[in-house]
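Data block below; observations after.
The values are calculated or read from the model by the stated rules, or taken from the named source; none is laboratory data. All figures in this text were calculated on a predicted structure; none of them were measured in a lab. Cβ sites come from the backbone with ideal geometry, for glycine too, and all protein chains shown count toward neighbours. The area values use the complete protein model at the heavy-atom level, side chains included, leaving out ligands, DNA and RNA. Shrake-Rupley method; radii C 1.70, N 1.55, O 1.52, S 1.80 Å.
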Amino acid sequence: MRHRSLLILTTVITTGALTLTACGSRDGGSKDNSGGKKTVVVIGVDAPLTGSLSALGQGIKNSVDLAAKTANKNNEVPGIEFKVEALDDQAVPASGQANATKLVGNKDVLGVVGPLNSGVAQQMQGVFASAKLAQVSPANTNPALSQGDNWGKGEFKRGFDTYFRTAATDVVQGKFAAQYLFKDAGKKKVFIVDDKQTYGAGLAAIFADEFKKLGGEVVGTDHVTVKETDFSSTADKVKSSGADSVYFGGQYPEGGLLADQIKKTGANVPLMGGDGIQDPAFISASGEPNEGDLATSIGYPVEKLDTAKKFIEDYKAEGYKDPYAAYGGYSYDAGWAVIQAVKAVAAANNGKLPTDARAKVVEALGKVSFEGVTGKVAFDQYGDTTNKQLTVYKVEGGKWVDVKSDTFNQ
């Protein structure tokens, strides 16, 4: 994509309405009510749009697209038309970094939603920070992304003030899962497996620490490799360990196969994981019944939230090919947070976007507060969501069914 010139804005006041006209990069949008062209603001999206995690990535992209369309339809920010540029990272960190560079190079981009994977985010943060371009992830859960590498030692330091997220962190999710498995499900001996990736290994470590603090026993550990399909050796270890449960830190492609192969050994124990496995594809990947398997996910079930009814209706009405999936509501809220930040920046500058709009959007995001699809949307001093709601799901009748929702207080 060509490097675009800086925006030059001229304000025109006609019939009592303030209209934005633009020369250069952001000119060329649709016309506003007084006939002038609207300023185009692009919301970037980075997610795995192809590959094994595309079911989640497409839901992210579509939900941000819906937020932009809703803002345009309602004239949420007078004189501004929102567009979406979605790039595919295929869940590969290097691809995410290249996409971040591309989005930075487009001067129309004032905010980015994504990525899905914490490992990808680690390679993008510095690129966005150097350009003072805000990113809001609807799915990253690694605490280090916002609280620094020493968060586990109680040393919290925000590394990038351009980074925000609408998803709760693994600190919350891992502890919540351990408490449910130990207290509610009554499991005392767990075998822990992870996929050696940033998300999976981090989540498994937090779960293990909390499970042991509660009095539970970790009877064994093992690792699997992403994109492999034969986990029979791990399954045999689970069988011989005497575990009454398995915790898996990873994503649904490997999680579904692992659960299948464990059950084929005759080990009648539930597998539990995080939001990375809470997808219908986890169930369909298995040839064995997944009855009783468990997963935690951020937030409450969108379908049961009064605040999400319009989102669900509008998403269906748009006729998107793919479902909004696990992160749809959080993606819409992330996109809407960017839109509200742009709105605040324009309002504070007499209806115009300033030349340092990117930096101003970052500042405004830290002050954003609104009732979103998933509930109250706001960010703390680290850029983390203030919404700490989580849900446990269980496979019943071949479907994920929510069994417990609660607000987690650390």
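Some points to look at:
- If R0 is 35 Å, the Cβ-Cβ spacing of residue 209 and residue 386 corresponds to a FRET efficiency of close to 0.90.
- Ranked order, 358, 165 - accessible area, probe 1.4 Å, largest first: 358, 165
- Look at where the Cα atoms of segment 38-78 and of segment 368-410 average out, and the two centres are 21 Å apart.
- Estimated vicinal HN-Hα couplings, Hz - segment 395-404 in sequence order (Karplus 6.51, -1.76, 1.60; Gly, Pro = x): 7, 9, x, x, 9, 6, 10, 6, 10, 7
- Other-chain or far-sequence residues with amide H under 5 Å of residue 109's (modelled H): 42
- Helical runs assigned H by DSSP (4 residues or longer) give the chain a calculated mean residue ellipticity at 222 nm of -11000 deg cm²/dmol, each run adding -39500 (n - 2.57) before division by the residue total.
- Sequence-distant residues sharing a close amide H with residue 38 (under 5 Å, placed H): 29, 30, 31, 32
- The chain - percent relative contact order, Cα under 8 Å, separation 6 or more: 17 percent
- Amide H contacts of residue 45 (H built 1.01 Å from N, in plane; Pro and chain starts excluded): 85, 86, 87, 113 sit under 5 Å, all sequence-distant by 5 or more or on other chains.
- Computed FRET value (nearest 0.05) for residue 230 with residue 367, which takes r as the C-beta separation and R₀ as 51 Å: 0.50
- Selected from 408, 277, 370, residue furthest toward positive end of dipole (segment 260-410; charges at beta carbon): 370
- Mean-square fluctuations from a GNM of the chain, with a 10 angstrom spring cutoff on Cα atoms, peak among 306, 65, 260 at 306.
- On a per residue basis, the convex hull of the C-alpha atoms belonging to segment 215-328 measures out at 123 Å³.
- Residue pairs, from the table 310/343; 69/310; 237/264; 83/343; 316/394; 69/132, whose Cα atoms sit over 18 Å apart: 310/343; 316/394; 69/132
- Taken about its Cα centre, the chain carries a charge dipole of about 1060 debye when Lys and Arg each add +1 at the Cβ and Asp and Glu each add -1 at the Cβ.
- Taking all protein chains together and a 1.4 Å probe, the residues 69, 352, 310 rank 310, 69, 352 from largest to smallest accessible area.
- In Hz, Karplus ³J(HN,Hα) per residue of segment 294-310 (6.51, -1.76, 1.60; θ = phi - 60°; x = Gly, Pro): 10, 8, 9, 8, 5, x, 8, x, 4, 5, 9, 8, 4, 5, 9, 4, 5
- The chain: most fluctuating residue of 96, 397, 276 per GNM, C-alpha cutoff 10 Å: 397
- With all protein chains in place and ligands, DNA and RNA left out, the 1.4 Å accessible area ranks 404, 38 as 404, 38, largest first.
- Most mobile listed residue (229, 296, 141) in the chain, GNM with C-alpha springs under 10 Å: 229
- For segment 70-206, radius of gyration divided by Kirkwood radius, i.e. Rg to Rh on alpha-carbons: 1.06
- Value of Rg/Rh across the chain [Cα atoms, Kirkwood radius]: 1.01
- Calculated from backbone phi, Karplus (6.51, -1.76, 1.60) coupling profile of segment 269-285 in Hz, x at Gly/Pro: 10, x, 9, 10, x, x, 5, x, 10, 7, 8, x, 5, 4, 6, 5, 6
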